[in-house]
Amino acid sequence: RSSVIQTINFQRVPLVDTSNPFIARDVPTPDESLMVIRIRKPEKWGIDFPYLLSMLNNSFMSRRNTLVVPSSKMLLAMELIFSPIIHDMLEKRKSALNFF
């Protein structure tokens, strides 16, 4: 049984040269990075990729389960992905505890 943490991976990818740490003055800014979001078994979590693409400007799918978004959209992407999952978990917990 896999948890959400093991299933959804966020990876920041710089778009500028970071090969020489002695030359690079700063960590790449969000405007100089992309966020690669890989979701293992997206059907299990009910991930709606067309909806995510419509909500996250300048995003695209690199594979059937991998979304690429500008790093500046990371928080919005996390909200859009995790909010329905957390809501579903809370509803299941409520049902399991027989709350009405």
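From (1) in contact with a helix residue (DSSP H, G or I) (Cβ under 8 Å, 6 or more places away or on another chain); (2) under 15 Å from Lys73 (Cα atoms), pick out the condition that doesn't hold for Ser54.
Evaluating Ser54 over (1) in contact with a helix residue (DSSP H, G or I) (Cβ under 8 Å, 6 or more places away or on another chain); (2) under 15 Å from Lys73 (Cα atoms) leaves (1) as the failure.
Just one of Ser19, Ser59 is surrounded by 14 or more Cβ atoms within 10 Å (Cβ to Cβ) and either under 11 Å from the mean Cα position of the chain (by Cα) or not basic (Lys, Arg) (or both); which is it?
Ser59
Testing Ser54 on (1) among the small types (Gly, Ala, Ser); (2) at pLDDT 95 or above; (3) loosely packed, with under 11 Cβ neighbours inside 10 Å; (4) under 23 Å from Gln6 (Cβ atoms), one condition comes back false. Which one is that?
Exception for Ser54: condition (4).
I'm checking my understanding of the structure. Among residues of the range 28-47 that are surrounded by 11 or more Cβ atoms within 10 Å (Cβ to Cβ) and over 21 Å from Gln6 (Cβ atoms), which one is nearest to the chain's Cα centre (by Cα)?
Checked the range 28-47; the qualifying residue nearest to the chain's Cα centre (by Cα) is Leu34.
The values are calculated or read from the model by the stated rules, or taken from the named source; none is laboratory data. Fair warning: this is a prediction, and the values are worked out from it, not measured in the lab. Positions of Cβ are backbone-derived with ideal geometry, glycine not excepted, and every protein chain shown enters the neighbour counts.
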